[in-house]
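Values quoted throughout were computed directly from the atomic coordinates according to the rules given, and no laboratory measurement underlies them. Note that the structure is a prediction, hence the values are computed from the model and not measured. Quick reminder, even Gly has a Cβ in these numbers, built from the backbone with ideal geometry, and neighbours come from all protein chains shown.
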Amino acid sequence: MQHKTGIITALPPSGADVLNALLPALLSAPADTLTALLHLPAACGSVHTALWRLDIAPARARAGVLPLADLSNDEQARCLRYRRPEDQWRHALTRQALRRLLALQLGCAPLQVALAYSAQGKPELADGTPLWFNVSHAGDHALLALSTHGPVGVDIERTNHGQLFDSVPGVFSMAEHAHGQRHPGSAYAIWSGKEAVLKAWGVGIATHLPALSVLPQPDGRLAVHFDCAAPQISAWTLAAPDGYAAALALLQR
């Protein structure tokens, strides 16, 4: 059974089979505001993985001003390094939402959530609390994932930037190229899957992309294969708004 509040869908702890069955429908709810996004269901504390979509335009309208006060000093500095206002808003709103979600889980104020960063720059809770998270944003949307199961990766991509297979040589495997020939238009599903998998693993994306093959399956799973030593990672495609592709990955502990 799914637990829903507004545009939030939280999954109960029923294992990978339930995740596989339910994840493709998680992003089908209509757009809503930041307030609805941050209204966590009571059951969230007991679920393995929960996923949210933040729609930037209504969240920006609700906020009114760039929410720098809700961010740490380093997050503010990173936000202001973006030159375009839309990029600043996308970053600030996503980080604000993440801090509020984590604070609700941890029982503290958003700015009291202490974050540390791995050698590859992936954020994690500084005190080692077994709660993993990841975010991704592109265009008008952001995804936020929290998990008590283990490290999680999420990715969303806009699909209006031409033919990926031709524009980024050396990134896709032979198996992925072959899949793309059989299934035209699958490049962004593969790309978002690769990013989600590597984010769940917590390694550098640029250096590991060529060693990873991610192939979409008819049931929504992503078949994951590494040409190097790597942990077991499960991944799924996600239903996304028109013009976007999205994926979620969980490192199996």
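For the reader, a short list of remarks on this structure follows.
- Ordering 234-246, 70-82 by mean Cβ neighbour count within 10 Å, with the highest value first, yields 234-246, 70-82.
- Alpha-carbon centroids, the range 198-253 and the range 131-158: separation in whole Å: 12
- Cα gyration tensor, the range 163-253 - rounded (a/c under 1.5), prolate or oblate: oblate
- Gain on full stretching of the segment that runs from L111 to H225 - 0.36 nm per residue minus C-alpha separation: 37.2 nm
- Ordering I190, I233 by the number of other Cβ atoms within 10 Å of each residue's own Cβ, fewest first, gives I233, I190.
- Ranked list, fewest to most other Cβ atoms within 10 Å of each Cβ, for V152, V65, V224: V65, V224, V152
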